[in-house]
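Peer 1: Pasting a structure below so you can have a look.
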Amino acid sequence: MACSPRTPPSYRSRGDRDASPPPPARWSLGRKRRADGRQRAEDAEGPAKPADCRRPDSFTTPEAPKPRPRCADWASAVEEDEMRTRMNKEIARYKRKLLVNDCGRERKSLLGSCGSKAPCAAPADLETDESVLMRRQKQINYGKNTMAYDRYIREVPRHLRQPGIHPKTPNKFKKYSRRSWDQQIKLWKVALHFWDPPTEEGCDVQEIHPVDLGEMETESAESSSESQASSQDHSFDMYEGTPTKVRHLDCHVEDEFDLEACLTEPLKDFAAMS
Amino acid sequence: MGEPGREEYRIQSFDAETQQLLKTALKDPGAVDLEKVANVIVDHSLQDRVFSKEAGRMCYAVIQAESKQAGQSVFRRGLLNRLQQEYQAREQLRARSPRGWVCYVTFICNIFDYLRVNNMPMMALVNPVYDCLFRLAQPDSLSEEEEVDCLVLQLHRVGEQLEKMNRQRMDELFVLIRDGFLLLTDLSSLAQLLLLEIIEFRAAGWKMTPAAHKYYYSEVSD
């Protein structure tokens, strides 16, 4: 039979284009080398490209919804991965918590009590954007990485917290606008200052009073009561003087200008960023 | 677990002052300069082959201690930065000190083996480790018994994990290994034996078959 050997359609079409050679598995019929060890003609199978130039600059992995840039710095890449896996666990835990709460509430209403609590966000209303969650988590970490927070959680156990008096960490899984979220964080951190350790010099930083936390969940930034305005002014000075524990430094450039980070991070670390 | 003994982390090879530094790092990380500790450990790994095989365990312990005490990762960051620096200059290291190069590969594979992040291996190290192994599988390295020995040892230890993370690169690596085995004329017979063994080992799913064990290792027990 004088017909040419059949080749799989994909191979035939690829021969017309200048594409990278298919993986060796498909060439089980063909051999790369002759009996004397020399490679066969280049155009038939093509040499294996060195691994380096096949590596893309960015890649998508199953866990990530969008392409991730190749991180030049191993330490930062590992820290990011750690945050990401921790984040996924937290999301799963939070969703489970919501389901459990919903079950509880249904039981109550069945028994006839008129629960006046607002319904919890259904899982569909959660913030799931990874970059948003990471950014929010970093902001929360800045607040939790303070002596004030340390003293606060030691002084007031969670079950004794009274809403409106005791600050509550903003919930990063709920949907908020950027402004709303940033405002909540700001108010939360200001509120935490109440638990700042006493400094040696008596300065009027100590004169602050707990901020009215009823403002915390509201959307608009315009609702400025007296206390809020004055504590905002204080807050600018206090960020510089806030006693912190060893700061958690992150090298990633925020997509928006992060004033607080600039104020609290020593300049030399910016130089270290590649 | 009681207080880790010197034997557990093989720190006998350090001088007394450094041993004290390391012990303190394990017990009270906040009291020492953790970046310095990281440098000390890396420096020593590049000199001491025995230590480079087991240093990962000690590093893991320091990381856990620091995380528990302060929730920070200064040590890990210092360690990885240093590791990355040495990686970027690995060709020069190999030229300058073949022994140091072998120690480095042993060390980075050991780190990859032990240091996990939330029970996952460190993704950032996968390609660098592969790059090192690819270098070891080059013809000029295969001519050196020490480098062949290092290559097969690391593949025994972390090959299966590496393959899970990136199968294609493992396939490519073994193309090089097979090519080396078949085509290089200046391979020592020991090198040939080592390469053949690892080829069979992988083909058997990273396991030692009884027949292979009998062939390759029966002489050892005699």
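The values are calculated or read from the model by the stated rules, or taken from the named source; none is laboratory data. Computed from a predicted model, the values in this text were never measured in an experiment. Don't worry about glycine lacking a Cβ; one is built from the backbone with ideal geometry, like all the others, and counts go over all protein chains shown. Ligands, DNA and RNA are stripped out before the accessible areas are found, and what is left, the full protein with its side chains, is counted by its heavy atoms. Shrake-Rupley method; radii C 1.70, N 1.55, O 1.52, S 1.80 Å.
Peer 1: For the range B:89-125, give me each residue that is within 14 Å of chain A (Cβ to nearest Cβ) and of a type in the set (Ser, Thr, Tyr).
Peer 2: B:TYR114
Peer 1: With the structure loaded, tell me whether A:GLU80 is modelled with pLDDT of 55 or more and surrounded by 11 or more Cβ atoms within 10 Å (Cβ to Cβ) or whether it fails that test.
Peer 2: So A:GLU80 passes the test.
Peer 1: Got a number for residues in the range B:71-88 being at the interface with chain A (Cβ under 8 Å from one of its Cβ atoms) and of a type in the set (Lys, Arg)?
Peer 2: 2
Peer 1: While we're looking at this one, here's another question. Count, please, the residues in the range B:129-176 that happen to be open to solvent by 10 Å² or more (accessible area, probe 1.4 Å) and within 14 Å of another protein chain (Cβ to nearest Cβ).
Peer 2: 15
Peer 1: When you scan the range B:92-103, do you find a residue that is touching a Ser or Thr at 6+ places or on another chain (Cβ under 7 Å) and under 30 Å from B:SER73 (Cβ atoms), even just one? So that I can check it myself, show each step before the final result.
Peer 2: Residues of the range B:92-103 touching a Ser or Thr at 6+ places or on another chain (Cβ under 7 Å): B:103.
Cutting the leftovers down to under 30 Å from B:SER73 (Cβ atoms) gives us B:103.
Yes.
Peer 1: Just need a number here: residues in the range B:100-136 that are charged (D, E, K, R), touching a Phe, Trp or Tyr at 6+ places or on another chain (Cβ under 9 Å) and in a helix (DSSP H, G or I).
Peer 2: Residues of the range B:100-136 that are charged (D, E, K, R), as a first pass: B:113, B:116, B:131, B:135.
Narrowing further to those that are touching a Phe, Trp or Tyr at 6+ places or on another chain (Cβ under 9 Å): B:116, B:131, B:135.
Filter again for in a helix (DSSP H, G or I), leaving B:131, B:135.
Here the count works out to 2.
Peer 1: Given the conditions (1) modelled with pLDDT of 90 or more; (2) in a helix (DSSP H, G or I), and given that A:LYS168 satisfies all but one, which numbered condition is not satisfied?
Peer 2: (2)
Peer 1: Do you know which residues across the range A:128-151 are surrounded by fewer than 17 Cβ atoms within 10 Å (Cβ to Cβ) and outside any helix (DSSP H, G or I)?
Peer 2: A:THR128, A:ASP129
Peer 1: So for the range B:74-89 (the condition being of a type in the set (Lys, Arg) and more than 30 Å from A:ASN141 (Cβ to Cβ)), does at least one residue qualify?
Peer 2: No - not one qualifying residue is present in the range B:74-89.
Peer 1: Related question: Does A:LYS95 qualify as being more than 14 Å from every other protein chain (Cβ to nearest Cβ) and either modelled with pLDDT of 85 or more or open to solvent by 90 Å² or more (accessible area, probe 1.4 Å) (or both)? Step through it out loud before you land on a result.
Peer 2: On the way: more than 14 Å from every other protein chain (Cβ to nearest Cβ): yes; either modelled with pLDDT of 85 or more or open to solvent by 90 Å² or more (accessible area, probe 1.4 Å) (or both): yes.
Yes.
Peer 1: Next question. Pull up the range B:178-200, narrow it to residues that are more than 14 Å from every other protein chain (Cβ to nearest Cβ) and among the charged types (D, E, K, R), then point me to the one that is least open to solvent (accessible area, probe 1.4 Å).
Peer 2: B:GLU197
Peer 1: Taking B:ALA203 and the conditions (1) modelled with pLDDT of 95 or more; (2) among the aliphatic types (A, V, I, L, M); (3) surrounded by 15 or more Cβ atoms within 10 Å (Cβ to Cβ), which numbered condition does it fall short on, given that it satisfies the others?
Peer 2: (3)
Peer 1: May I pose another question? Specify the residue that is nearest to A:ASP73 (Cα to Cα); the eligible residues are those in the range B:111-126 that are under 14 Å from the mean Cα position of the chain (by Cα) and open to solvent by less than 30 Å² (accessible area, probe 1.4 Å).
Peer 2: B:LEU125
Here's the yes/no breakdown for (1) of a type in the set (A, V, I, L, M, F, W, C); (2) out of contact with any Pro (no Cβ under 6 Å at 6 or more places or on another chain); (3) outside the structural domain of B:ALA204 (by the TED database); (4) modelled with pLDDT of 95 or more:
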{"position": "B:GLY78", "(1), (2), (3), (4)": "no, yes, yes, yes"}
{"position": "B:ARG82", "(1), (2), (3), (4)": "no, yes, yes, yes"}
{"position": "B:MET123", "(1), (2), (3), (4)": "yes, yes, no, no"}
{"position": "B:ARG135", "(1), (2), (3), (4)": "no, yes, no, yes"}
{"position": "B:GLU146", "(1), (2), (3), (4)": "no, yes, no, yes"}
